[in-house]
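Visitor: Okay, here's the structure, questions in a sec.
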Amino acid sequence: LMYQFKNNDLYRDAISKWGIEAQLWICVEECSELLNAIAKNKRGREKESAIIEELADVSVMVDQLSLYFDKAEFNRIKEAKLQCLYEKVMK
């Protein structure tokens, strides 16, 4: 990585530089781009690589925002949702 700090430092630096409101809008934009890539792929107009790229963008934003709001609470809720998924899959 060109950025030598931990990801959490990078996420904090991004929020510090541009502000949480801007980063929230970037997250909205990235989610929209992911939706568009999926829709286009299903119509045969976009390669899977476009979905992968947008997934990465959304993942970065989710990690960044979860750190800002409450990473521990995010992880707790995520684990509960994964437990629900496990129970549904294993039925």
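Visitor: Scanning region 54-91 for residues that are of a type in the set (Asp, Glu) and under 23 Å from ASN8 (Cα atoms), which turns out surrounded by the most Cβ atoms within 10 Å (Cβ to Cβ)?
Guide: Filtering region 54-91 down to residues of a type in the set (Asp, Glu) leaves 54, 57, 63, 70, 73, 79, 87.
Retained after the next criterion (residues that are under 23 Å from ASN8 (Cα atoms)): 54, 57, 63, 70, 73, 79.
Details: GLU54: 20, ASP57: 17, ASP63: 16, ASP70: 11, GLU73: 10, GLU79: 10.
Going through the qualifying residues, I end up with GLU54.
Visitor: Within region 13-27, can one find any residue that is open to solvent by 60 Å² or more (accessible area, probe 1.4 Å), at pLDDT below 95 and on the phi < 0 side of the Ramachandran plot?
Guide: yes
Visitor: A follow-up question, please. Quick one: in region 14-36, which of the residues that are free of Cβ contacts under 8 Å to residues at least 40 places away in the same chain and in contact with a helix residue (DSSP H, G or I) (Cβ under 7 Å, 6 or more places away or on another chain) is nearest to ILE52 (Cα to Cα)? Explain how you work it out, then say what you get.
Guide: Here is the first cut: in region 14-36, the residues free of Cβ contacts under 8 Å to residues at least 40 places away in the same chain are 16-19, 21-22, 25-36.
With the extra rule that they be in contact with a helix residue (DSSP H, G or I) (Cβ under 7 Å, 6 or more places away or on another chain), the set shrinks to 26-27, 30-31, 33-34.
Details: ILE26: 18, CYS27: 16, GLU30: 12, CYS31: 12, GLU33: 11, LEU34: 9 Å.
Here the residue is LEU34.
The values are calculated or read from the model by the stated rules, or taken from the named source; none is laboratory data. These numbers come from a predicted model, not from an experiment. Every residue, glycine among them, receives a Cβ derived from its backbone with ideal geometry; neighbour counts consider all protein chains shown. For the accessible areas, the whole protein counts, side chains as well, though only heavy atoms, and no ligand, DNA or RNA atoms are used. Shrake-Rupley method; radii C 1.70, N 1.55, O 1.52, S 1.80 Å.
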